[in-house]
Structures are given as C-alpha cells and as structure tokens.
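I have placed the structure first, in the form of structure tokens, so that the comments after it can refer back to it.
Each reported figure results from applying straightforward, stated rules to the coordinates on display, with no laboratory input. Keep in mind the model is a prediction, meaning the values are calculated, not measured. Reconstructed Cβ throughout: ideal geometry from the backbone, glycine too, with neighbour counts over all protein chains shown.
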Amino acid sequence: MSDRATHWQNVYATKGEAEVSWFQDSPATSLAMIRAANPDHHAAIIDIGGGASRLVDALLQDGYRHLTVLDLSANALAATKRRIGAAASTVDWIVADATTWEPAESYDVWHDRAAFHFLTDPRDRAAYVERLRSAVAPGGHVIIATFAPDGPEKCSGLPVQRHDSASLAAELGPEFELVETRSEVHHTPWHSTQAFQFSRFRRHSQ
Ligand SMILES: C[S@@+](CC[C@H](N)C(=O)[O-])C[C@H]1O[C@@H](n2cnc3c(N)ncnc32)[C@H](O)[C@@H]1O
C-alpha cells in the first residue's frame, strides 16, 4: 500500500465521521453545484475522494441514481456503505488512487471536495487531470473544492496546494470553461474556520 493510502486508511480506522476537520453535516454547496451542473437524475456522477462524506446520501435523497464514489481508503467507503444501508448496492464503489486509476466509464459530473488539494507535486496533478480528461464526457462538468489561497496550509496533517479558479483553470486546460466559483467558510467540528473555494467547469462539447 502506498504511504498515501496508509495515511488515509489509518484516519478512517481511528476517527469517526465528526472527528475529522472536513466533516459536513450537510454538503449544501456541493449539492447546489451538482444540481446546477446537471439536474437530470440519470446523470452519471462521480465523487472523487468521497471518503465518508454524506454527499452520496444527499444525492440519493435528491433522486440521482447513477452514482460512483472513489476513494483511496476502503475503510472510508465501508463506513459510507454502512451508513446508507441497502441503498449502497445501487452505488458503484471504487477503491483507487485518483492519480493512477484507469476510468472504465464516462461521467457527466466529476466532483472533488478536498482531495485534489493534497496533490502538491505537479506530476500528480497532471496525472489526475489526465484521468479526469479520459473520464468526463464532452459537455460534462467538473466541480473541484479546495482550500482557498487564504485557507490552511495543511489538511489531515498533510501539506496542501491551495487554489483559486484561475489556478484550477490552468491545471485543467482550455477545454474546460469556468462556469462559476463560490467561496465558503467551512466550520470544523471544533469551531475553527477554513476558507474553501468551489469552482465549476464545463468541458466543451465536441
Ligand atoms: C479531506 S478528505 C475529504 C473527504 C470528502 N470529499 C469530504 O468532503 O468529506 C480527503 C479524501 O480524499 C481521499 N484521497 C486523498 N488523496 C486521494 C487520491 N490520490 N485518490 C483518491 N482519494 C484520495 C482521502 O482518502 C479522503 O477520503
């Protein structure tokens, strides 16, 4: 197992969902941006680094039916599956590193909250974007939430690369057009604050 996977397996083996700084009771901004990207409940949506996030619960509740959650940590996905119960059988679960995964399907919406920002090496970011480009359908949307330029320098004890919409646009390249960007102050379970940005891009239709 890579150092990266070991780190995340340990996190999810030792901490409950509300014991991690990134916990959200309700992933409202992600949900609003996914609805804006594609309100069709048959849209294929993937949550990259979904971890134990409640986003999949919210999307199922909303009526979305073609969902995939990818994460490095099998422990994280197991916790999510336990939480959502029988509905877990309707979701595709992928244990993989987003920088080396080989996508077998194409997606209408690619969502990532607080996974991409761990890629501090430009080669890893390029590998991630290569996967993204092979997985996101023409006309599809990419939503990436990261710590903002005035956000923390570390997350889960690991260094992060902070972003704004311009740095993300540069990573994705000209095929992806910025549609909207939102700032959000996240309140951690212990009441500190973290500045996030959420940017949504649309891939040009071919
Ligand atoms: C800070 S947590 C955010 C979890 C979730 N997106 C949320 O908003 O609650 C980062 C997640 O990304 C996953 N992760 C980190 N690097 C990854 C990578 N290279 N490939 C896939 N998942 C990764 C971790 O296992 C962890 O679940």
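When the chain is treated as a GNM, springs tying every alpha-carbon pair under 10 Å, which of SER89, SER21, SER156 comes out with the largest mean-square fluctuation?
In the Gaussian network model the winner is SER89.
State, as an integer percentage, the relative contact order of segment 1-89 based on alpha-carbon contacts under 8 Å between residues 6 or more apart.
About 32 percent, as a whole number.
If you average the sequence gap of Cα pairs under 8 Å that are 6 or more apart and divide by the length of the chain, what percent do you get for the contact order?
19
Grab the beta carbon distance between HIS41 and ALA166, set R0 = 35 Å, and tell me the FRET efficiency rounded to 0.05.
0.60
Report, by chain and number, residues whose modeled amide H sits under 5 Å from the one on GLU180, excluding near sequence neighbours (fewer than 5 apart, same chain).
Amide H neighbours of GLU180: ARG200.
Quick one: Karplus J couplings for segment 189-206, per residue in order, coefficients 6.51, -1.76, 1.60, θ = phi - 60°, nearest Hz, x for Gly and Pro?
The phi angles translate into x, 9, 6, 8, 10, 9, 7, 10, 10, 10, 10, 10, 10, 10, 7, 4, 6, 8 Hz.
Can you list residues from other chains, or at least 5 along the same chain, whose modelled amide H is less than 5 Å from the amide H of ALA98?
Amide H neighbours of ALA98, under 5 Å, 5+ apart: none.
Quick one: Debye curve from the alpha-carbon atoms of segment 57-137 only, equal weights, vacuum; give me log10 I(q)/I(0) at q = 0.20 Å⁻¹ to two decimals.
These q points yield log10 I(q)/I(0) values of -1.00.
What number in nm² do you get for the chain if you take the convex hull of its Cα atoms and divide its surface by four?
Computing the convex hull of the Cα atoms and averaging its projections yields 10.4 nm².
Which distance in nm do the two modelled labels at ASP150 and LEU60 give, with both placed 7 Å along the Cα-to-Cβ direction?
Rounded to a tenth, the inter-label distance reads 3.8 nm.
Ignoring solvent entirely, what values of log10 I(q)/I(0) come out of the Debye formula for segment 1-104 at 0.13, 0.24 Å⁻¹ when each Cα is a single scatterer?
-0.46, -1.42
Can you tell me the length gained on complete extension of the stretch GLU175 to ALA104, counting 0.36 nm per residue apart and subtracting the Cα distance?
Result for the pair: 23.5 nm of gain on full extension.
Of the DSSP beta bridges with both residues in the chain, give the percent that are antiparallel, rounding to the nearest 5.
Among the beta bridges of the chain, antiparallel pairing accounts for roughly 50 percent.
What length, rounded to one decimal in nm, is gained on full extension from GLU19 through to HIS191, with 0.36 nm per residue of separation minus their alpha-carbon distance?
60.7 nm
I want to make sure I understand the PRE zone here: with the label point 7 angstrom from the Cα of ASN10 toward its beta carbon, which residues in segment 79-118 have backbone N atoms less than 16 Å away?
Backbone N within reach: none found.
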